[in-house]
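Okay, structure first, notes after.
Nothing in this text is a laboratory measurement; each read-out follows from the coordinates by a stated rule. These numbers were taken from a predicted model, which means no experiment stands behind them. Here the Cβ is made from the backbone with ideal geometry for all residues, glycine too, and neighbour counts use every protein chain on show.
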Amino acid sequence: MPFPSLPSIELIAERLAVIFPEGTEHRNYVTREMAARTVYVMLYANAVEGNDCWVRPSHIYFMTAEQADKTDDADRESWLQLSIKPGYRPEGTRWYADTTREPVRDETLRSGFVTCRAVVEREGVPTTSSKPKYALDREFCSLFDPQLQGEPLSTAIAEWRNAHLSKAALVRQHLVKQGATAAARDTISVTFPNGETRTLAPGPSSVIAKAVIEDFAPRFLRQPAVLWLSESGNKVVARDEALANALGLKIDPSKALPDIILVDLGEDKGGTEMLVVFTEVVATDGPVNRERKVSLTKLAVEAGFAAHDLAFLTAYMDRAGSAFRKSIPELAWGSYAWFASEPDYIIDLRDGSPRKLAD
């Protein structure tokens, strides 16, 4: 069977970044240089679904720069036959050290390409076996044809995503893209639970704030209201004095208030009539950490809130984003994390006494 043409590693990397946009789970695993080299080696070996040719992780981390440059069919066939022999190492400068086995196998392949259904696994080969068992999905392989360009390429990528990625993955990608588009607009309009609208300056923080008010609030609160909304620089966008006065609360804008204060006015089964949600919007930094939670609790109690009626939320665009990865070690126990790209889910960082998971 003829070997497929070989695109450059640079072209593969460019297309991987398009095929797997922001919002893809474990996106780094399937877009980094190691991922591009993995695809290159699979193409080099003709390891494409239906060809009965397979690779194992060692094919990638034993590859050398010199061998990768030998691109005629005879050299590739010779390497393929030799590479399955125990102890074989191609001559030249190794791409990776032996210690790279786990990142190639566990991250790029298993948690990355296999999960995304871009790579198929050979049936009947045990997990612990050293036999070659990975090949590119045939339709995924076609996306790296150098002759495929422009609109036909975009259409092919969209069709592959729709056929291979889960609905949840597609929705997440769409929401992240939608957020990036909205952040570039001149202004961002936010609709409050009571139907009123406010205008925010463009930017990622405003996109997240909009999502908190329009998506988080109706999903997780029974009868939500916006008590406070501000932008960077302590610019007050909305302050509901009438509601604050009715609840007996005092909002002092000179204090270090959070980005958003939501109030749930719906009574729960335990008879609690009000829940106040202090929310920090994080596009770069500034999560609800332990110190921030303590200071907000003190501020809230002084303003007339009851400590047991407080909740603390840090809102992000996406859990794969750098903002969340950077700040997750700081998040306060007893607070929540929520992502605009996955609005139906929330992370509960429980504190206090241990509880059974079934409780």
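When you have a sec, figure out the Kirkwood radius of the range 48-98 from all distinct Cα pair distances and drop it here in Å to one decimal?
Evaluated on the range 48-98, it is 11.6 Å.
Which of Gln67, Gln147, Gln223 moves most in a GNM of the chain, Cα contacts under 10 Å?
Evaluated over the chain, the most mobile residue of the options is Gln147.
In sequence order, what are the phi-derived ³J(HN,Hα) couplings for the range 117-134 according to the Karplus relation 6.51 cos²θ - 1.76 cosθ + 1.60 with θ = phi - 60°, rounded to whole Hz, with x for glycine and proline?
6, 8, 10, 9, 10, 5, 6, x, 9, x, 4, 7, 6, 8, 5, x, 8, 10
For the chain, modelled as a Gaussian network with Cα springs under 10 Å, which listed residue fluctuates most, Ala169, Ala68, Ala135?
Taking springs between Cα atoms under 10 Å, the residue moving most is Ala68.
Report for the range 284-359 the percent antiparallel among DSSP-assigned beta bridges with both residues inside it, nearest 5.
On the way: 5 of 9 bridges.
So the antiparallel bridges amount to about 55 percent of the total.
Helix-only mean residue ellipticity at 222 nm, the chain, DSSP H runs n ≥ 4 weighted -39,500 (n - 2.57), per residue, nearest 500. What is it?
-9500 deg cm²/dmol
Using a Förster distance of 45 angstrom, determine the FRET efficiency expected from the C-beta separation of Ser166 and Glu302, and round it to 0.05.
Details: r = 47 Å, r/R0 = 1.05.
The value I calculate is 0.45.
Which of Val282, Val176, Val294 moves most in a GNM of the chain, Cα contacts under 10 Å?
Comparing Val282, Val176, Val294 in a Gaussian network model of the chain, the most mobile one is Val294.
Considering only Ser58, Thr197, Ser129, whose Cα is most displaced toward the positive end of the charge dipole of the chain, charges sitting on Cβ of Lys, Arg (+1) and Asp, Glu (-1)?
Ser129
Give the calculated FRET efficiency between Lys70 and Tyr345 to the nearest 0.05, with a Förster radius of 56 Å applied to their Cβ-Cβ distance.
0.70
What is the Cα centroid distance between the range 41-115 and the range 330-348, reported in whole angstrom?
Distance between centres, Cα-based: 40 Å.
For Val277, which sequence-distant residues (separation of 5 or more, or a different chain) have an amide H within less than 5 Å of its own amide H, given hydrogens modelled in the peptide plane?
Residues meeting the amide H criterion: Leu262, Val263, Asp264, Ala311.
In the chain, what percentage of the DSSP-assigned beta bridges are antiparallel, given to the nearest 5?
Rounded to the nearest five, the antiparallel share is 70 percent.
Computed from these coordinates, which is Cα Rg over 2.2 N^0.38 Å: (1) 1.26; (2) 0.95; (3) 0.91?
Matching entry in (1) 1.26; (2) 0.95; (3) 0.91: (1).
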